[in-house]
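**Student:** The following block contains the structure, expressed as structure tokens.
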């Protein structure tokens, strides 16, 4: 591909390729990945960039996702900017190595295309793959558009390297990964200004040997965990700073959460990923009919933007959380998080939880209208979780 | 907002056609969104692709259920699936066929029909193989002619960006279909 066709252009590209362009512009040095639908296009294009010399990175072909993350761990430990991408079962197979990336404080960036877990075998979207990895300690961003995907990829490296914590950016299978739309591809000089080369203080160096990740006695392990928690708290602040700095250069910002039409709203919907876009249109329609409804988009899931969420949601009377995931035997996972954030507040809204769109079931405006109407009319959430439109 | 649905078979280039058209619309100042039917594509199996465009940014993220226009890359699909499902009244149906408009107009009285023998054009320019011609660029030429959304020049420019092999032949096929398409005005 000609360079003149890439940099500083608005191009119609898929969400997958938006990730690839983000990684190209971020000048990743090592990429290790194993193909899996619907992620494969991300690393396919990256391998082409590497083959043509456009991206001067080492592309490591591996035999599994576990090995992909293991290779990333090794590469990142030597002080390289490192990237991988996966989906669903691939992410699940990486699980052990995800802990390694976090515990080793390695700023690896991972793009996960949200795909439902089988069986029933599925290639379509839901969030159970990435949310099953909630507690490993990766920062997690959920994206709404292809532009946000590209911009978050670039931001992810900066956040990861500033806080020494790995970052996962998440995009919905097909609804973003295989959907093409206009994306502004920045100039390389601007990205270079925003994201300088990664220069860690400590790294594996044959000329200055050190050991990493050795046996850690109870005298030290606890403090290492405390420091990871500190890094997460720092990452929350850094995510906002990085977003503002990004805005100064590129003119786009997203916030760690986004409040849409929430002023004076009695009912606030909470969404993540691409359901947000469709919900925006429904909120606009409901507003035009005089309904006081708003929308809170959660972009940063971990670290949890606790104070931002409290500030917006405690002003509402009711909250309806839309989850494209399920923690069986309990409720949707975003719903649990929202409840736990609000629990100690003296003034807190009633929280209703809805699980929809699993396994790529299309989420249309009527689904969101029904959720709004139901929550409006109900006095109390009789169920921990409501399903909509189950066909039995 | 205008919504378009492509019906084709895996390998005919329906998905690329919708991407080329989206890119051409974008060049002319439209916001656009295009996606294939979400699934596991196989060569020869019926496939769909969807395209939305608008003067305003597009925020919605669900399938196209009520297209304004449809494009049918393989006329045999007319016997197999309900291609007009959800099509808005007076929407346009562009069919790749060697038959006349009159053959179809009685079936589709609520819609406008356009026909183009894209297969014959693709074969003439050696696109694809004799048994599996790639007809997407020809169908785009026909589409551009029957609607005034986008100029032929923008589509040709996008073809140059998306099609790496037989670029000149694809452009000639697109131009020829633009000239030869027949439609009810």
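Rule-based calculations on the coordinates, nothing more; no lab input. Source: prediction; values computed, not measured. Here the Cβ is made from the backbone with ideal geometry for all residues, glycine too, and neighbour counts use every protein chain on show.
**Student:** One quarter of the convex hull surface, Cα atoms only: what value does that give for the range B:1-73 in nm²? List each step's numbers first, then the result.
**Tutor:** Details: hull surface 18.3 nm².
Averaged projected area of the range B:1-73's Cα convex hull equals 4.6 nm².
**Student:** GNM, chain B, Cα, under 10 Å: largest mean-square fluctuation among B:91, B:11, B:44?
**Tutor:** Between B:91, B:11, B:44, it is B:44 that shows the largest mean-square fluctuation.
**Student:** For the range A:32-105, just say rounded, prolate or oblate: build the C-alpha gyration tensor, square-root its eigenvalues into a ≥ b ≥ c, call rounded for a/c under 1.5, and beyond that prolate if a/b exceeds b/c, oblate if not.
**Tutor:** Oblate.
**Student:** Sticking with the crude label model, points 7 Å out along Cα→Cβ, report the distance from residue A:51 to residue A:89 in nm, one decimal please.
**Tutor:** 2.6 nm
**Student:** If you don't mind, there's one more thing I want to ask. State the Cα centre-to-centre distance between the range B:140-177 and the range B:34-91 in whole Å.
**Tutor:** What the calculation gives is 20 Å, centre to centre.
**Student:** Considering the convex hull of the alpha carbon atoms of the range A:122-184, report its projected area averaged over all viewing directions, in nm², one decimal. Before the final figure, lay out each step's value.
**Tutor:** Values: hull surface 18.5 nm².
If you wrap the Cα atoms of the range A:122-184 in a convex hull and average its projections, you get 4.6 nm².
**Student:** Give, as ranges by residue number, the residues of the range A:118-158 whose backbone N falls under 11 Å from the point 7 Å along Cα→Cβ of residue A:189.
**Tutor:** none
**Student:** Right, something else. Kindly identify the range B:2-183 as rounded, prolate or oblate by the Cα gyration tensor criterion: order the square roots of the eigenvalues as a ≥ b ≥ c, call it rounded if a/c is under 1.5, otherwise compare a/b with b/c, prolate if a/b is larger, else oblate.
**Tutor:** Values: a/c = 1.28, a/b = 1.04, b/c = 1.23.
Cα axes put the range B:2-183 in the rounded bin.
**Student:** So what's the range A:134-274 giving for Rg/Rh, alpha carbon basis, Kirkwood Rh from the mean inverse pair distance? Intermediate results must be reported in sequence, preceding the final value.
**Tutor:** Details: Rg = 18.4 Å, Rh = 17.7 Å.
My calculation of the ratio gives 1.04.
**Student:** Here's something else I'd like to know. So for the range A:257-387, Kirkwood radius off the Cα pairs, Stokes-Einstein at 20 °C and 1.002 mPa s: how many µm² s⁻¹? Kindly include the intermediate steps, with their values, before the conclusion.
**Tutor:** Values: Rh = 14.5 Å.
Answer, rounded: 148 µm²/s.
**Student:** Let me ask something else. Ignoring everything except DSSP H segments at least 4 long, calculate the 222 nm mean residue ellipticity for the protein assembly as shown; use -39,500 (n - 2.57) per segment, divide by total residues, nearest 500. Please list the in-between numbers first.
**Tutor:** Details: 19 runs with 226 residues, N = 577.
Taking each H run of at least 4 residues, the total per residue is -12000 deg cm²/dmol.
**Student:** Report the gain in length on full extension from residue A:234 to residue A:369: 0.36 nm times residue separation, minus Cα-Cα distance, nm rounded to one decimal. Please list the in-between numbers first.
**Tutor:** Working: separation 135, 0.36 × 135 = 48.60 nm, distance 3.77 nm.
This chain segment gains 44.8 nm when fully extended.
**Student:** In addition: Once you put a point 7 Å from the Cα of residue B:151 and another 7 Å from the Cα of residue A:99, both along the Cβ direction, what distance in nm separates them?
**Tutor:** Label-label distance for residue B:151 and residue A:99, simple model: 6.2 nm.
**Student:** Additional query: Calculated FRET efficiency, residue A:210 and residue A:244, Cβ-Cβ r, R0 35 Å, to nearest 0.05? Mind showing how you got there, number by number?
**Tutor:** Numbers: r = 35 Å, r/R0 = 1.01.
The value I calculate is 0.50.
**Student:** Between residue B:99 and residue B:185, what FRET efficiency follows from the Cβ-Cβ distance if R0 is 25 Å, with the result rounded to 0.05?
**Tutor:** Working: r = 19 Å, r/R0 = 0.75.
Given R0 = 25 Å and the Cβ-Cβ separation, E is 0.85.
**Student:** Pick from A:198, A:222, A:247 the residue whose mean-square fluctuation is largest in a GNM of chain A, springs joining Cα atoms under 10 Å.
**Tutor:** A:222
**Student:** Under the definition of Cα pairs under 8 Å and six or more residues apart, what whole-number percent is the relative contact order of the range A:298-375? Provide the component values of the computation, followed by the final result.
**Tutor:** Working: 85 pairs, mean separation 26.4, N = 78.
Here the relative contact order equals 34 percent.
**Student:** Taking square-rooted eigenvalues a ≥ b ≥ c of the alpha carbon gyration tensor, is the protein assembly as shown rounded, prolate or oblate, where a/c under 1.5 means rounded and, failing that, a/b exceeding b/c means prolate? Can you show the working numbers first?
**Tutor:** Details: a/c = 2.15, a/b = 1.39, b/c = 1.55.
The shape class here is oblate.
**Student:** While we're here: What is the distance in Å between the Cα centroid of the range A:264-330 and that of the range A:342-367?
**Tutor:** 7 Å
**Student:** Just how far, in whole angstrom, is the range A:198-216 from the range A:246-262 if you go by their alpha carbon centroids?
**Tutor:** About 37 Å separates the Cα centre of the range A:246-262 from the one of the range A:198-216.
**Student:** Springs between alpha-carbon atoms under 10 Å, Gaussian network over chain A: tell me which of A:65, A:382, A:189 tops the mean-square fluctuations.
**Tutor:** A:382
**Student:** Here is a follow-up. Using a 10 Å cut-off around each Cβ of peptide A:9-15, what is the average number of partner chain Cβ atoms that fall inside?
**Tutor:** Details: counts 0, 2, 3, 15, 2, 4, 1.
Mean inter-chain Cβ contacts per residue within 10 Å come to 4.
**Student:** I'd like the mean, over residues of B:22-34, of how many other protein chain beta carbons sit within 10 Å of each residue's own Cβ. It would help to have the intermediate numbers written out before the result.
**Tutor:** Values: counts 4, 5, 1, 2, 6, 2, 0, 0, 1, 2, 4, 8, 6.
Rounded to a whole number, the mean comes out at 3.
**Student:** Note down the nm distance, to one decimal, between modelled labels 7 Å out along Cα→Cβ at residue B:41 and at residue B:167.
**Tutor:** 2.2 nm
**Student:** For the range A:3-250, give the share of DSSP beta bridges that are antiparallel, in percent and rounded to the nearest 5; count only bridges with both residues there.
**Tutor:** Values: 6 of 27 bridges.
If we restrict to bridges inside the range A:3-250, about 20 percent are antiparallel.
**Student:** Going by C-beta contacts inside 10 Å, put A:121, A:100 in order with the fewest on the left. Walk me through the numbers before you get to the answer.
**Tutor:** Working: A:121 9, A:100 21.
Ordered by Cβ neighbours within 10 Å, fewest first: A:121, A:100.
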